[in-house]
Each structure stands twice: as structure tokens, then as C-alpha cells.
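Visitor: What follows is a structure written as C-alpha cells; I'll ask about it next.
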Amino acid sequence: MAKPPDAEKTRRAAPAEAMPTPAAESLPARDREASSTETTSPDEAEAFEATFRRGVPEQIGPYRILRLIGQGGMGAVYEAQQQQPSRRVALKVIRAGLLSRSMLRRFTFEVEMLGRLQHPGIARIYDAGTAETDAGLQPYFAMEFVEGRPLAQHAAELEPRQKLELLARVADAVHYAHQNGIIHRDLKPDNILVDGQGQPKVLDFGVARSTDADLQATLQTQTGTIVGTLAYMSPEQAAGEARYVDVRSDVYALGVIAYQVLTGRLPYQLPRESLVNALRLIREVDPEPLGRTHRHLRGDVETILAKALEKEKQRRYQSASDLAADIRRHLNNEPITARPADTLYQLAKFVRRNRILVAGVAATFVVLLAGLAATAWQWGQAETNRRQALQNLHDAEVRLAESLVHEGDALALAKLWADAKDRHLQGLAKATELGESVLPAQFGYWEDRFHSPEPLAVWRGLPDARALAFSAR
């Protein structure tokens, strides 16, 4: 029996599809099931353990097993030797004991997906079939064996420009899959190996989705089911909205991968204690701007990644080729098509992220406006009352003046006139201070009296009335 290699060699040579998902491993056991379309019952888990206790098989169909590369939620991947033609292959099989109808559909679907893709950036499929083994009937498919390292590990030794060139080539391969009607849905650095010539190879189309109606019928993913690896999920995947997943979901994953490759960390620090909070963060919280911690990436690169990581699909790059094209424009010192989000859009996103805070501020503002309106109304009412009081006083004085003229009481009339004039001058000063252009009517009345060319005696023949009035001042 061949023995499994150590972990480091496994990662260096394995299609990372078969490796355990780091994001899922960091979650509590009760939450891990949400990172896959399949759940494993206790009986299935026991069957799986029993299978691998029996060791690595020596032969599966026409393939001689060399070693176990890795194992994951769907099955195991072996390095195997094919006799005709003579070549090494990566042989993927469903875990013995877990051959359910849905698992077989998914397995067959992946074979169909890979069979449609012929691109230097995508691992090719050579053969597919079933074989009788000690564990029973064993479906398998043989694919191109990629001896390389996961993308992030390979890129760690590159300069920023080389990283961007590599990311553009990955985007080219993903775009080719999209052109052939296939959405990957589980892009991540461990699913992209870089071979000895520096060629990236995209692996693991086990949860891919076809845009063709006939192929969609072969693998239906129910709405509300989360498919993919948590840290690289798009917001629509995190919401479990399978019907809204399209090529732009892969563009988002490419943005996360690019962020990690360029900075050495993910754009989000996902909480380990709660899957619900992690999914909410992906759906609602914007990642930290790239240039905040990596100043050399400010400008075009920061803008490109921000566009790829937009929460709203319509604001992302509409294809992986658009993303690759903008990366190359930056590398060629050409203007990029992406533009930073404008202030209005950023404000709208802030409102959506902080609905409770904004609602509280808005309520406070409404109360403040209501208070100001009430104060202004009260001031206006007081001013109206003041003017009305002045008018009433004026009317009373006019009636009194007419009465005094009628009675011939020149002394009292002169005193009344002097008091009215003083109040008139005070009113003019107040009106000037308030900037009023229209004076109350009573001011005009006394103004006419003060500057009348006719002596007051004309009223009722009081010869000394005008003199008394001016002397009374």
C-alpha cells in the first residue's frame, strides 16, 4: 500500500479542491455545513473513516495509484499513473460510502463542466468512468496533474507587478469558462495552482453552475443554500440567493483573491464564533481600503479592487475580462475604466449600513426643526401682538387728540403730541434696526402732523397749539 505524503508535499502537488477549506475549519462544527451544498450524516462519516482506515487503493480502473494527494467534502484525489498513454494524472473519486444520488449528480456535472473547457489556465479532463473496488462501485475521472503551488503561496515570492500580471491571467481563464457558460462559484487561492512555468491553473468545478438551461437541470441548488467557501463568497452567495449568482459573483471572488495576493490577508476579518455574523459582514460591510495599510497600492490598484468588491453586482466589473483589461491598463500606464465611488453613493451606502443611527439622527433633526418652527411662530405671534398693541394705542391717541381739539384743550393736546412724536422716533429707530422697509401706518399719521405746513390751530382755531406742542418737547 502507498502511504499518504506529508502535508507540505500534499499542498505543493495537489489540486486544492480536495484540501479542507480553511474558512470552514475555522468555524464551529455546527456552522460548517453551511459552506457546502452537502451535509454528512453520522453514518456517512463513519463510512468515510472506515474507507480510509483501509488505506490507499493500489488500482482504480486502469490507473495505478501512487499516493493520496488530498481529501475533501466531495471525495479524494490521488496521484495516479496511466499506462496508455503513459502519464501522471490527478484521479478524483467520490468517497466510498458516500455515493448518494445527489453526490453522483454533482460528480457527473463536474465531469461535464471540465469536458467543455480547453484552456491553458484550466486543468483539463482526460477520462471518466466507474471501477469496481473493495469499497464497491467507484466513479472517477482523470484530469491533468498540476505539479505546482497554490496561488497565494507562489505569489508571496513575486513583486507587486508580477502579482498583478498573474492575477490578470487567472481572470483570463475564468472569463473563458464564463464564455463557455460556466460559473465557478468557489474560486479561491487553493483552487488555483501555479505550475513550474508560472502558468496558473484553475481547478475544482465541483460546485460550478452552468448558464445553459439543459445543464442546470443536472444540478439544482436551492435558494437559501450557501455554496462555496465563506471567505471568498460574493454578497449574493452569502445571502443564499442562488438565482442571482452570475459571472459577476466570480468577479467578486477574483477581487478577494487579488486583495489577499497583494496584501497577504483577506479583505474581511470574519468572526469565528458566528456564521451568521460572518455572512452579514460579507453582505453589508465594505472591506478596508487597500491603500490604507499598503500605501504603494493607492490609486489605480485600490480603485480596481474596490470596483471588483462592490456589494452591488451592477457596480462591479461586468466580466472577468473587464477586470483583466483594467489590470493591464494600469500595468501599461494607461487610464483605467474604474472610478472611485462618488460622495453621494458613499453617503447612500453609509445610510444602508447604519440605518438605526441615521434614523435616530433624522428623528433628532425633525424634532429640532419642529422646535425651531414653533419658536419662529411664537416670535411672529408676539410681533403681531406688539404691532396690534401699537395700533390700538395709536387709535386711542387719535381719538383723544380729536377730542382735545374739539374741547380746545391746547395744553393737553401739545403734551399728547410730544409723547406721540417721541414714540414715533423710537419706532423709526427700531424699524431701521430690524431692516423693515414698510413702517406701521400710525407712524405716517404723526409724520404728517409734525411736518404739516399748516399750524395746528387750523384744526379748531387754537392759535397757541403748535407753539405749545413744540415747547412741550
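Visitor: Based on this model, can you work out whether A168 counts as in contact with a His (Cβ under 6 Å, 6 or more places away or on another chain), under 30 Å from N332 (Cα atoms) and not aromatic (F, W, Y)?
Guide: no
Visitor: Could you check, for segment 264-279, whether at least one of its residues is surrounded by fewer than 17 Cβ atoms within 10 Å (Cβ to Cβ), under 12 Å from the mean Cα position of the chain (by Cα) and in contact (Cβ under 8 Å) with a residue 60 or more places away in the chain?
Guide: no
Visitor: Additional query: Do you know which of the residues in segment 348-368 that are of a type outside the set (A, V, I, L, M) and open to solvent by less than 60 Å² (accessible area, probe 1.4 Å) is modelled with the lowest pLDDT?
Guide: K349
Visitor: Sticking with this structure for a sec: Hey, among L219, L254, which residue is touching a Phe, Trp or Tyr at 6+ places or on another chain (Cβ under 9 Å), modelled with pLDDT of 95 or more and crowded, with 19+ Cβ neighbours inside 10 Å?
Guide: Step by step, each of L219, L254 is checked, and only L254 is touching a Phe, Trp or Tyr at 6+ places or on another chain (Cβ under 9 Å), modelled with pLDDT of 95 or more and crowded, with 19+ Cβ neighbours inside 10 Å.
Visitor: Every residue in segment 109-131 that is under 15 Å from A177 (Cβ atoms) and not aliphatic (A, V, I, L, M), please.
Guide: Those that are under 15 Å from A177 (Cβ atoms) and not aliphatic (A, V, I, L, M): F109, E110, E112, G115, R116, Q118, H119, P120, G121, R124.
Visitor: Just give me the residues in segment 289-330 being touching a Pro at 6+ places or on another chain (Cβ under 8 Å), open to solvent by 60 Å² or more (accessible area, probe 1.4 Å) and under 17 Å from V261 (Cα atoms), in sequence order.
Guide: H296
Visitor: Tell me, please, whether a residue that is in contact with a helix residue (DSSP H, G or I) (Cβ under 8 Å, 6 or more places away or on another chain), small (G, A, S), assigned to a loop (DSSP other than H, G, I, E, B) and farther than 14 Å from L167 by Cβ can be found in segment 276-292.
Guide: The answer is no; no qualifying residue exists.
The values are calculated or read from the model by the stated rules, or taken from the named source; none is laboratory data. Fair warning: this is a prediction, and the values are worked out from it, not measured in the lab. Every residue, glycine as well, gets a Cβ built from its backbone with ideal geometry; the counts of neighbours run over all protein chains shown. Accessible surface is based on the protein model in full, side chains and every heavy atom, while ligands, DNA and RNA are left aside. Shrake-Rupley method; radii C 1.70, N 1.55, O 1.52, S 1.80 Å.
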